[in-house]
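The values are calculated or read from the model by the stated rules, or taken from the named source; none is laboratory data. What you see is a predicted model, and the numbers here were worked out from it, not measured in a lab. Every residue, glycine as well, gets a Cβ built from its backbone with ideal geometry; the counts of neighbours run over all protein chains shown. Heads up: the accessible areas ignore ligands, DNA and RNA and are worked out on the full protein's heavy atoms, side chains in. Shrake-Rupley method; radii C 1.70, N 1.55, O 1.52, S 1.80 Å.
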Amino acid sequence: MSQMPPREPRDDSQSRSPARHRRAGTEPLTARSDLGLRMVLSTAALVVFALATAGFAWWATSSSRDSSPSSTVLGVLAAVCGVLLLVAVLDLAVIRRRRSGQGG
């Protein structure tokens, strides 16, 4: 019968630390948060999609029956912009919660 090769010694320094402190990726120790950029982009999206939602909704209500694009298409565009507006608002809420957890 063949013998199994000897095992390599285990590095106990990592096994003693809790799993939440282990680094799984290759990011640097001095990695910076992207929350500031996300806040700027979400705020810009909030303004753009709020204006687009209001504009498409107004256009849909003021268009005539046989106009092009139809009021249905404009209503769908207003709804899509409204959903994207909601995503921007939710992202700002997540950013606010994460920033309060960072302590600064």
- [ ] With r as the distance between the Cβ atoms of Ala54 and Ser33 and R0 = 41 Å, compute the FRET efficiency 1/(1 + (r/R0)^6) and round to 0.05.
- [x] 0.80
Task: For the range 82-98, 3J(HN,Hα) per residue [Karplus equation, 6.51 cos²θ - 1.76 cosθ + 1.60, θ = phi - 60°, Hz, x = Gly/Pro] - done: x, 5, 5, 4, 5, 4, 5, 5, 5, 5, 5, 5, 5, 4, 4, 5, 5
Open item on the list: Students sometimes get this wrong: rank Leu51, Leu29 by accessible area, probe 1.4 Å, all chains present, largest first.
Closed with: Leu29, Leu51
- [ ] Could you go through the range 59-73 in sequence order and give the Karplus-derived ³J(HN,Hα) for each residue, using 6.51 cos²θ - 1.76 cosθ + 1.60 with θ = phi - 60°, rounded to whole Hz, and x for Gly and Pro?
- [x] 5, 5, 6, 9, 7, 7, 5, 10, 7, 10, x, 6, 5, 5, 4
Task: Contour minus Cα-Cα distance for Val80 and Ser62 (0.36 nm per residue) - done: 4.6 nm
